[in-house]
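I have placed the structure first, in the form of structure tokens, so that the comments after it can refer back to it.
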Amino acid sequence: IPIITGFICKNEDGKITTLGRGGSDLTATFIGECCNSYEIQVWKDVDGLMTADPKYVKNAKPVSKLSYEQASELAYFGAKILHPISMLPATRSKIPVRIKNSYNRSCLGTVISNDKNNDYDKELIIAMTEKKDITLIDVVSTRMLEQSGFLSKVFKVFEEENVWIDVIATSDISISLTLDSKNNISKNAVSRLQSVANVNVKTGFSIISLISNLEKSSIVLEKVFKILSRNNINIEMISQGASKVNI
């Protein structure tokens, strides 16, 4: 049985390197792919991917199964159990990944595979997660109708200034987008954007992501909007991912 030290390795010069957060998970899924394993197990200190962050939601419970897309969306938008990049080898090779708890070995954990969790008859929302310290940027064209190339000009600035975007919502003449706390926009980038648009940068937001039944998105949003309204929380932006599993 090979014993492999997960996130620690040497480069071609013999120097010790580390892959950082999620490195051991990525190593495990790569090895699983190379060995054509029937299952990859990732052992953590929780019972699996949870319906919500148990720090804030006391009755959060483990989700029995998720698709690769559902798990990747949760990981990207705040779930700390898995790094989204670690899912790539398993997704490519279609090998199931099981998340188990080292301190509760009897728990079945969460299985991530090609099969979606469609327990929508019980719950409209299967799981939710959040990212804090979000910057929201509204970019509105100074020419209000049919400005050719507006979107390409804006995204060229982000590309050249090395700014990557979390969530985006667009129209013909406006763009709303979010950046996380590790990816602040520079004054130079804002200045360049202001040459083609009106720019409004606001900080201190959170992204709430809902892995939900998008065939019933109107019902999901109705219930969510009512809860937010009761708590005096205004929605600044809404987006549905291309994967069609996340609002």
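In segment 174-197, the residue that is nearest to residue 235 (Cα to Cα) out of those that are in a loop (DSSP other than H, G, I, E, B), among the polar types (S, T, N, Q) and more than 20 Å from the chain's Cα centre (by Cα) is 186. Filtering 95, 126 for residues that are open to solvent by less than 30 Å² (accessible area, probe 1.4 Å) and either in a loop (DSSP other than H, G, I, E, B) or basic (Lys, Arg) (or both) leaves a single hit, 95. In segment 91-103, the residues that are under 16 Å from residue 45 (Cα atoms) form Cβ pairs under 7 Å with partners that are open to solvent by 60 Å² or more (accessible area, probe 1.4 Å) and outside any strand (DSSP E or B), at six or more places apart or across chains, as follows: 101/45; 102/45; 103/45. Scanning segment 176-194 for residues that are crowded, with 17+ Cβ neighbours inside 10 Å and in contact with a Ser or Thr (Cβ under 9 Å, 6 or more places away or on another chain) gives 176, 177, 178, 179, 180, 185. With respect to residue 157, is the statement that it is assigned to a helix (DSSP H, G or I), out of contact with any strand residue (DSSP E or B) (no Cβ under 6 Å at 6 or more places or on another chain), of a type in the set (Val, Ile, Thr) and surrounded by 15 or more Cβ atoms within 10 Å (Cβ to Cβ) true? Judged against the criteria, residue 157 is a match.
Looking at this structure, is residue 59 on the phi > 0 side of the Ramachandran plot, modelled with pLDDT of 85 or more, open to solvent by 90 Å² or more (accessible area, probe 1.4 Å) and not β-branched (Val, Ile, Thr)? Judged against the criteria, residue 59 is not a match.
The values are calculated or read from the model by the stated rules, or taken from the named source; none is laboratory data. No experiment lies behind these values; they were computed from the predicted model shown. When we count neighbours, we look across all protein chains shown, and the Cβ atoms used for this are built from the backbone with ideal geometry, even at glycine. Ligands, DNA and RNA are stripped out before the accessible areas are found, and what is left, the full protein with its side chains, is counted by its heavy atoms. Shrake-Rupley method; radii C 1.70, N 1.55, O 1.52, S 1.80 Å.
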